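The values are calculated or read from the model by the stated rules, or taken from the named source; none is laboratory data. Quick caveat, the model's predicted, so the values are computed rather than measured. When we count neighbours, we look across all protein chains shown, and the Cβ atoms used for this are built from the backbone with ideal geometry, even at glycine. Remember, those area values only see protein heavy atoms, side chains included, never the ligands or the DNA or RNA. Shrake-Rupley method; radii C 1.70, N 1.55, O 1.52, S 1.80 Å.
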2 protein chains.
Amino acid sequence: MKITHECIHCLARQAVEIAEEATSNVSLQEEIIKRSLRELGEMDFNETAPEVAFRMHQHAKNITCINDPYKRLKEQYNEIAKKICNRIIEERWLDRTEEPFDMACRLAIAGNIIDFSAGLNLKPSDIVKSVEDSIKHNIFGTGTTALQEAVKNANKIMYIADNSGEIIFDKFLLERLPIEKVTYVVKGGPIVNDATMDDAISTGIVDLVKVIDNGHSAQGTILRDCSSIFKDEFSKTDLVISKGQANFETLSDIKDKNIFYLLRAKCSPVASAIGCKQMDYVLTNC
Amino acid sequence: MKITHECIHCLARQAVEIAEEATSNVSLQEEIIKRSLRELGEMDFNETAPEVAFRMHQHAKNITCINDPYKRLKEQYNEIAKKICNRIIEERWLDRTEEPFDMACRLAIAGNIIDFSAGLNLKPSDIVKSVEDSIKHNIFGTGTTALQEAVKNANKIMYIADNSGEIIFDKFLLERLPIEKVTYVVKGGPIVNDATMDDAISTGIVDLVKVIDNGHSAQGTILRDCSSIFKDEFSKTDLVISKGQANFETLSDIKDKNIFYLLRAKCSPVASAIGCKQMDYVLTNC
């Protein structure tokens with residue numbers, strides 16, 4: 001999905017947020033903002049937004065010499081997500097429903113609200129609300145039954161993770177997949193609050209499923225920049241479960257692979273590309 | 001008032017709107033957007049937002065060779081404003097109130113809603129609502145009595161206009177000022193929907209009061225770039241009535257002149273600098 005005019009002010013907003021999250025030094029903040037805006041001014045409108053954002057983030061990292069400016073926020077949201085998931089386990093939501101696969105999909109989508117690229121104003125209550133809404137909200141797209149059918153027919157499944165915090169919600173769905181066929185993919189390095197191997201270890205996902213990283217630290221999955229190990233695994237996969245907006249933005253032009261996208265459509269350009277309404281719960285293999 | 005971090009994404013949004021308003025040619029739009037973003041990336045954080053925006057607009061004009069991309073929209077909103085003002089005249093709002101000066105100030109502030117820099121989504125109903133709200137809304141600041149007192153004590157009054165459309169609402173207030181002491185100021189050239197001499201002529205303001213232009217075509221009043229005729233007039237003035245946000249942003253650091261600002265506080269950085277809430281009706285000489 002190519003960058004749209006509507007992405008511009010969102011990326012400019014992210015330039016400011018990256019700067020303010022990376023350092024409290026005002027002159028360094030201004031340097032990051034100006035360097036990011038110039039980077040934005042050099043973009044190619046055939047690129048995806050995550051490709052441009054990646055280069056903006058690299059400037060923040062280089063200028064501050066801080067590799068992971070969002071570390072504090074990621075840990076905070078991992079803790080919040082764990083608490084909500086523990087409540088779901090204690091209240092036995094998945095045991096008490098007649099359609100546990102459907103419920104697991106809904107929770108995986110609900111967790112996708114934990115996305116700092118869409119703005120840093122996320123409150124813990126927003127996550128709780130996303131989880132509670134996910135149960136009653138209509139799912140836009142092909143729906144959970146189509147995914148369950150595709151899972152039955154697949155020999156090799158790749159589950160591409162999105163954000164830290166959110167990955168804890170992925171566990172509900174992973175537990176309902178033929179786990180021996182699944183490879184779970186995290187980022188090769190930190191970018192905003194995207195999940196890395198550290199998150200997969202600290203949340204116990206590595207004990208549940210084979211986990212690899214994609215060898216790159218952009219948001220989404222920019223195939224040409226990913227490691228050969230990842231690309232090899234991707235080529236052998238006959239079903240991809242892709243979480244979140246950035247993975248949709250970077251993979252949606254690939255048409256020779258069965259890819260199911262699970263996400264909250266948080267911005268208008270993505271909602272428009274999918275054909276759904278903003279903030280819809282999406283499960284589709286468009 | 002210096003540019004703030006919050007101004008960045010607003011200016012980036014304006015870069016896109018300028019491009020889309022200036023031309024329907026997609027590659028020219030992309031050139032304008034990219035050139036504007038690079039310009040934004042070269043800014044000095046000691047500048048005001050209108051100074052940066054001016055340079056962005058110059059790129060759009062140079063790339064498209066169109067001097068007045070907002071001409072169509074300006075004419076449209078002039079017509080809408082005229083209709084609303086005619087209704088106010090027909091219904092004799094100012095004759096029927098006990099405080100016509102206060103009412104005239106409120107209408108002048110209400111007209112300030114016609115501001116395309118704050119977004120192009122303005123509907124005619126927004127102007128009607130701004131006018132209707134102005135009558136019952138609290139005025140933030142020193143209030144209309146303080147302005148009336150300052151007018152009584154002034155020998156030379158400068159009334160710095162803001163937008164086309166809005167200037168029709170200014171007539172209510174101009175008619176209640178000692179008109180022989182007043183110089184009304186429009187822009188030296190087109191920028192967004194700011195009022196120029198053309199607007200002062202077509203609305204009959206030139207028949208009511210002495211009108212000059214400021215010799216420059218940025219939003220607001222960037223004193224160092226204005227003509228010597230304007231600067232001379234400004235220096236002799238002992239009371240300035242300044243309309244709109246951009247005039248506040250560019251004049252608010254001048255402390256040796258009695259300046260009353262009349263505006264709707266449409267964005268958070270301006271509201272914060274004034275100390276009021278966003279969308280407040282402001283009349284203050286802070």
Residue list for the range B:1-47, restricted to those being more than 9 Å from chain A (Cβ to nearest Cβ), of a type in the set (A, V, I, L, M, F, W, C) and part of a helix (DSSP H, G or I): B:CYS7, B:ILE18, B:ALA22, B:LEU28, B:ILE32
Test: residue in the range A:219-242 that is among the hydrophobic types (A, V, I, L, M, F, W, C), within 20 Å of A:ASN153 (Cβ to Cβ), part of a helix (DSSP H, G or I) and open to solvent by less than 50 Å² (accessible area, probe 1.4 Å): yes
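Taking A:GLU249, is it under 11 Å from the mean Cα position of the chain (by Cα), over 21 Å from A:ALA146 (Cα atoms) and open to solvent by 10 Å² or more (accessible area, probe 1.4 Å)? Before the answer, list the steps.
Values: under 11 Å from the mean Cα position of the chain (by Cα): yes; over 21 Å from A:ALA146 (Cα atoms): yes; open to solvent by 10 Å² or more (accessible area, probe 1.4 Å): yes.
Answer is yes for this residue.
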Which listed residue is touching a strand residue (DSSP E or B) at 6+ places or on another chain (Cβ under 9 Å), part of a helix (DSSP H, G or I) and touching a residue at least 24 places away in the same chain (Cβ under 8 Å), from A:LEU147, A:LEU177: A:LEU147
Residue in the range A:251-266 that is in contact (Cβ under 8 Å) with a residue 40 or more places away in the chain, of a type outside the set (Val, Ile, Thr), outside any loop (DSSP other than H, G, I, E, B) and out of contact with any strand residue (DSSP E or B) (no Cβ under 8 Å at 6 or more places or on another chain) present: no
Some residue of the range B:109-118 being more than 24 Å from B:ASP199 (Cα to Cα) and touching an Asp or Glu at 6+ places or on another chain (Cβ under 7 Å): no
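Tally time: how many residues in the range A:257-272 are within 14 Å of A:ASN285 (Cα to Cα) and open to solvent by less than 10 Å² (accessible area, probe 1.4 Å)? Talk me through it step by step, then tell me what you get.
At the first step, the residues of the range A:257-272 found to be within 14 Å of A:ASN285 (Cα to Cα) are A:257-263.
Those left that are additionally open to solvent by less than 10 Å² (accessible area, probe 1.4 Å): A:259-263.
Summing the residues that are within 14 Å of A:ASN285 (Cα to Cα) and open to solvent by less than 10 Å² (accessible area, probe 1.4 Å) in the range A:257-272 gives 5.
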Hits in the range B:197-212 - residues which are surrounded by fewer than 21 Cβ atoms within 10 Å (Cβ to Cβ) and in a helix (DSSP H, G or I): B:MET197, B:ASP198, B:ILE201, B:SER202, B:VAL206, B:ASP207
Qualifying residues in the range A:15-33 (those that are closer than 14 Å to A:ALA53 by Cα and open to solvent by less than 20 Å² (accessible area, probe 1.4 Å)) - the one modelled with the lowest pLDDT: A:ILE18
Entirely in the range B:57-127, the helices (runs of 4 or more DSSP H) that have 3 or more residues that are of a type outside the set (Asp, Glu) and surrounded by fewer than 22 Cβ atoms within 10 Å (Cβ to Cβ): B:71-90, B:93-96
Test: A:ARG224 is without any contact (Cβ under 8 Å) to a residue 24 or more places away in the chain and among the basic types (Lys, Arg): yes
